[in-house]
Amino acid sequence: MITKNDFNPNYAIHPGETLKEKLEEITMSSKELAIRTSKPTKTISEVINGKSSITPEMAVQFEQVLKIRASFWIQSQANYNEIIAKQKQEKDIKESEKWANKFPYVEMTQLGWIKSARKINEKTKELLGYFNISKSSSWYKIYIQSKLRINFRISLKYEKDPFALSAWLFQGEKSAQKMLAPSYNKNILKEKLSILKQIMVNNPNNLYSKIQSTCRDAGVKIVFTTLLPKTVISGVARWIKNNPVIQISDRYKRYDIFWFTLFHEIGHIILHSNKKNIFIDDINNINNINKENKQEKEANNFAVKCLLNDEEYYEIVEELKSGKNIIDIIKLFANKFDTHPDIIIGRLLRDNKKLYQVSTLRKMITKIDFKEYNLNNNCQEQTKFLKK
């Protein structure tokens, strides 16, 4: 068995060097070669001095004059160009190492987004590959300067940690692109709201796939992505290609916040459907809406009306004044208003800071953790039920 050993030198020899040696061997001047190949003397001189490339046309002419096959010259030039390009790439990677150090590499590795690496240059290559870019300056142009219209156009310049956030957003984009979905239909999405609410009430074992398949029927892709450190985001609504996509995090790991965020983002899709928009929401900001932020306030009200409207909520508050057991009241009204007890608890905790059973109520809220369901590492699990 013959073992093939590839020779991959890390130095570059321009084919002009070989041309120069050949001309010296046959005692032919560059001027004479220029005349015999009908090329300007300056062109031949620049090739010999490594300042210009040998084109396929020149290679054929050299073969005719020097009796060295054109393929040799073409391949020599290609080898030189490749080595030079790789050297430039290594320089770009070196210059990108400082950028790479700003990402939560360990956490991204644990989630299966990138491969484990020890050396900084290897980590840098992984991160550049993750974002499908060749050097860090491209990341800044996309996510900070907004010079490329990708699946959204927004600057992350003023975000607390634009690096981790961009990685989280791009992971959602990758997952969404693997999903199949029909064209978006607003009317169908509105019809699915009652089904989604029933899923919330029942909290089935296949909760996440139920949500995804229900929204998929309306042409909306739902992606669940574990949050990275230093990112403060609950959900995002945006268009990716021809479908609206909602990306939800498990930042608070609370059932009530999870559903409020989902319906809030659905509100953005229904009320503010525009392929140019992207809504990056933090639940703290959602609950403290600035009056001037009209669209966020509208999405907030949409979620409230779907989950537990104000009239229902105030009826519960009035009943609490009766002195009856708060747990019994919550269960009673959850059944009456066809909602989940956690939704009532979450609203009470938010709007009634003086509740004497705050700690008890908080412990009652269902916990969620996307890692437990392997929602990050197995995109096929998210998409296989969509392929019908």
Going through segment 256-299 in order, the residues found to be modelled with pLDDT of 75 or more and either in a loop (DSSP other than H, G, I, E, B) or over 25 Å from the mean Cα position of the chain (by Cα) (or both) are Asp256, His272, Ser273, Asn274, Lys275, Lys276, Asn277, Asn293, Lys294, Lys297, Glu298
(1) within 25 Å of Leu169 (Cα to Cα); (2) among the acidic types (Asp, Glu); (3) surrounded by fewer than 15 Cβ atoms within 10 Å (Cβ to Cβ) all hold for Glu82 apart from (1)
Discussion item. Yes or no: segment 112-124 includes at least one residue that is surrounded by fewer than 19 Cβ atoms within 10 Å (Cβ to Cβ), farther than 30 Å from Ala12 by Cβ, out of contact with any helix residue (DSSP H, G or I) (no Cβ under 7 Å at 6 or more places or on another chain) and of a type outside the set (A, V, I, L, M, F, W, C).
Written reply: yes
In the set Met58, Met108, the lone residue that is assigned to a helix (DSSP H, G or I), at pLDDT 95 or above and either touching an Asp or Glu at 6+ places or on another chain (Cβ under 6 Å) or assigned by TED's automatic domain parsing to the domain that holds Gln171 (or both) is Met108
Report whether or not Ser76 is in contact (Cβ under 8 Å) with a residue 60 or more places away in the chain and surrounded by 15 or more Cβ atoms within 10 Å (Cβ to Cβ). yes
Pairing a residue in segment 320-331 that is surrounded by 10 or more Cβ atoms within 10 Å (Cβ to Cβ) with any residue that is not in a helix (DSSP H, G or I), where Cβ atoms lie under 6 Å and the two sit 6 or more apart in sequence or on different chains, gives Ile326/Gln357
Subset of segment 220-252, residues assigned to a loop (DSSP other than H, G, I, E, B), crowded, with 24+ Cβ neighbours inside 10 Å, in contact with an Asp or Glu (Cβ under 8 Å, 6 or more places away or on another chain) and without any contact (Cβ under 8 Å) to a residue 60 or more places away in the chain, comes to Ser234
Every listed condition ((1) touching a helix residue (DSSP H, G or I) at 6+ places or on another chain (Cβ under 9 Å); (2) under 30 Å from Thr18 (Cβ atoms)) holds for Ile144 save (2)
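The values are calculated or read from the model by the stated rules, or taken from the named source; none is laboratory data. Computed from a predicted structure; not experimentally measured. With ideal geometry, Cβ positions are generated from the backbone for all residues, glycine too; neighbour counts draw on all protein chains shown.
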